[in-house]
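Engineer: One structure, pasted below without further comment.
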């Protein structure tokens, strides 16, 4: 395989020559990343001015060296010291056998547990390990057994707990539930060499080292909600990219994919009762680029949506990896794509909007119209049938009351008749009705913290709402005072913490460096210990207004997602940034092996 080097036409950032692109036959072009190679006037130097052409080439070509070496008799292990998130407890035994503890041609997976969930995870693990190693690992007795057992005693640590024991001739996985089996398998995979994750690599190696010496690992998560949010309303990425992200979530033991599928700028999911949502609402004629108000545009249309069959495939794919997908259809604001598709949904006193090519325009539903509730109810019925996780996100953020609702005669008359004093109270009425619809379908509501009616992001001059939100709604906190979140918890709500300045990974590394991502603490300061369990966990978000393609998406997401994964899983007292950076080196090697782009790693 002979590498090819080329420089694209045009200038790079700051007027410098565009960075070199490297590729090998059958492999997509990859840019040597910032900090490793910057060409300026023919001189190769890193961002500090040091010569580092060799480091850059080693960084890029490492997967191909792995590819050439993978035919060796034994593949060296990464080791349990490389695992992200950091396990709760690891106890080491005496020195292991010469050559270490290995998987080889005699290795077999065995499970006597009849539980269908366990059997399903055993099949998944066998296929996963076989694909990565090239070994068959078929069930039965072998010289190096992988034995899987149900262990009820682990329930004290929660349903995702597992114990992984590695010793000569035996890898033992004990789990409280099938989820624990999956997570043990992901820890085991991270201990194997990076070539395990490289589908291009030669899988003819007969021995794969797992560890140098015996150990016993006990592991379980701190939080039950460990989420990543992908915004595809602004830019559509497609099924294969979503599955790639799901694979990484599973490896990092994240368990909720929050999928933002509608907004002003696009509707991305087929709803059979309303076909214009995709024939009209999934398309826009152009897209503003760089930043709000730049006056610059992509100069081409943007479109895309998922069919219901694609949705079902992705949901199944995620479920195999213990990931629940929580879809978001944003209401009552951020609704231009839906209203343009079905103009009868617009406010009679407002002009019909366009699907905006800039991301600061939009529209809102009429909260007094029965037509609105019929439409939303129909959409939610189809969503509930597609997403069996039992939770739907309704957005609820950034409703511009003054722009959309203020001064509309029939809305003012409705509020007077119902005794509704403020627009935040009107939104609470709207949210409670939608929440009631979902409850009848066995679905729980989650929404951004504006649904509380307090600390409203737009047009909050009327103050906090007087009414009360349905107590069963989950509050997704992204904006405003911590006191609002604390009050919601004390009022009985469960909360997911996604404080924007700490978790919005669409920001570049200068605004949100890896160290800041790692420092995020989901439990709000001042929250009484008796209420800590009402913080379900955390979410990290990537909003894609200025992320037009998968290359930039991956560079924003990775490796920062690993920091949030560790925060969601590992005990607070076990977190250490320098230790995390050491383990991150192993994860970066996995990303390299898979050809996944990433940003700063320190």
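Engineer: Among the residues that make up region 487-504, is at least one of them within 18 Å of the chain's Cα centre (by Cα), surrounded by fewer than 21 Cβ atoms within 10 Å (Cβ to Cβ) and in a loop (DSSP other than H, G, I, E, B)?
Structural biologist: Checking region 487-504: at least one residue is within 18 Å of the chain's Cα centre (by Cα), surrounded by fewer than 21 Cβ atoms within 10 Å (Cβ to Cβ) and in a loop (DSSP other than H, G, I, E, B).
Engineer: Shifting gears a bit: Hey, can you tell me all the residues within region 407-419 that are without any contact (Cβ under 8 Å) to a residue 40 or more places away in the chain and either assigned to a loop (DSSP other than H, G, I, E, B) or touching a helix residue (DSSP H, G or I) at 6+ places or on another chain (Cβ under 7 Å) (or both)?
Structural biologist: 415, 419
Engineer: Right, another one. So if I check each of 475, 451, which one is surrounded by 19 or more Cβ atoms within 10 Å (Cβ to Cβ), part of a strand (DSSP E or B) and touching a helix residue (DSSP H, G or I) at 6+ places or on another chain (Cβ under 6 Å)?
Structural biologist: Of the residues listed, the single one that is surrounded by 19 or more Cβ atoms within 10 Å (Cβ to Cβ), part of a strand (DSSP E or B) and touching a helix residue (DSSP H, G or I) at 6+ places or on another chain (Cβ under 6 Å) is 475.
Engineer: Would you be able to say whether some residue in region 116-139 is in the same structural domain as residue 194 (by TED's automatic domain parsing), loosely packed, with under 15 Cβ neighbours inside 10 Å, assigned to a loop (DSSP other than H, G, I, E, B) and at positive phi?
Structural biologist: Checking region 116-139: not a single residue is in the same structural domain as residue 194 (by TED's automatic domain parsing), loosely packed, with under 15 Cβ neighbours inside 10 Å, assigned to a loop (DSSP other than H, G, I, E, B) and at positive phi.
Engineer: Which residue pairs have Cβ atoms under 6 Å apart, sit 6 or more places apart or on different chains, and have a first residue in region 303-318 that is assigned by TED's automatic domain parsing to the domain that holds residue 238 and a second that is surrounded by fewer than 17 Cβ atoms within 10 Å (Cβ to Cβ) and in a helix (DSSP H, G or I)?
Structural biologist: Here the result reads 310/239; 317/243, each pair linking region 303-318 to a residue that is surrounded by fewer than 17 Cβ atoms within 10 Å (Cβ to Cβ) and in a helix (DSSP H, G or I).
Engineer: Moving to a separate point now. Which members of region 508-527 meet the condition of being in contact (Cβ under 8 Å) with a residue 12 or more places away in the chain and farther than 23 Å from residue 583 by Cβ?
Structural biologist: 508, 523, 524, 525, 526, 527
Engineer: Looking only at region 202-221, filter to residues that are touching a strand residue (DSSP E or B) at 6+ places or on another chain (Cβ under 8 Å) and under 16 Å from residue 158 (Cα atoms); which one of those is surrounded by the most Cβ atoms within 10 Å (Cβ to Cβ)?
Structural biologist: Restricting to residues being touching a strand residue (DSSP E or B) at 6+ places or on another chain (Cβ under 8 Å) and under 16 Å from residue 158 (Cα atoms), the top hit is 219.
Okay, residues lined up against (1) modelled with pLDDT of 95 or more; (2) surrounded by 13 or more Cβ atoms within 10 Å (Cβ to Cβ); (3) part of a loop (DSSP other than H, G, I, E, B); (4) in contact with a helix residue (DSSP H, G or I) (Cβ under 9 Å, 6 or more places away or on another chain):
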residue	(1), (2), (3), (4)
258	yes, yes, no, no
271	yes, yes, yes, yes
277	yes, yes, no, yes
292	no, no, yes, no
295	no, no, yes, no
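Engineer: In addition: Filter region 306-358 for residues that are out of contact with any helix residue (DSSP H, G or I) (no Cβ under 8 Å at 6 or more places or on another chain) and part of a strand (DSSP E or B); which is farthest from residue 397 (Cα to Cα)?
Structural biologist: Looking at residues that are out of contact with any helix residue (DSSP H, G or I) (no Cβ under 8 Å at 6 or more places or on another chain) and part of a strand (DSSP E or B), I get 326.
Engineer: Residue 535: under 25 Å from residue 327 (Cβ atoms) and either out of contact with any strand residue (DSSP E or B) (no Cβ under 8 Å at 6 or more places or on another chain) or touching a residue at least 24 places away in the same chain (Cβ under 8 Å) (or both), yes or no?
Structural biologist: Taking the combined requirement at face value, the residue satisfies it.
Engineer: Which residues, taken from region 139-168, are farther than 21 Å from residue 253 by Cβ and in contact with a helix residue (DSSP H, G or I) (Cβ under 7 Å, 6 or more places away or on another chain)?
Structural biologist: Hits for region 139-168: nothing passes.
Engineer: Among the residues of region 539-546, are any within 27 Å of residue 193 (Cβ to Cβ) and either more than 15 Å from the chain's Cα centre (by Cα) or surrounded by fewer than 19 Cβ atoms within 10 Å (Cβ to Cβ) (or both)?
Structural biologist: For region 539-546, residues within 27 Å of residue 193 (Cβ to Cβ) and either more than 15 Å from the chain's Cα centre (by Cα) or surrounded by fewer than 19 Cβ atoms within 10 Å (Cβ to Cβ) (or both): absent.
The values are calculated or read from the model by the stated rules, or taken from the named source; none is laboratory data. Just so it is clear, the model here is predicted, and its values are computed rather than measured. Cβ sites come from the backbone with ideal geometry, for glycine too, and all protein chains shown count toward neighbours.
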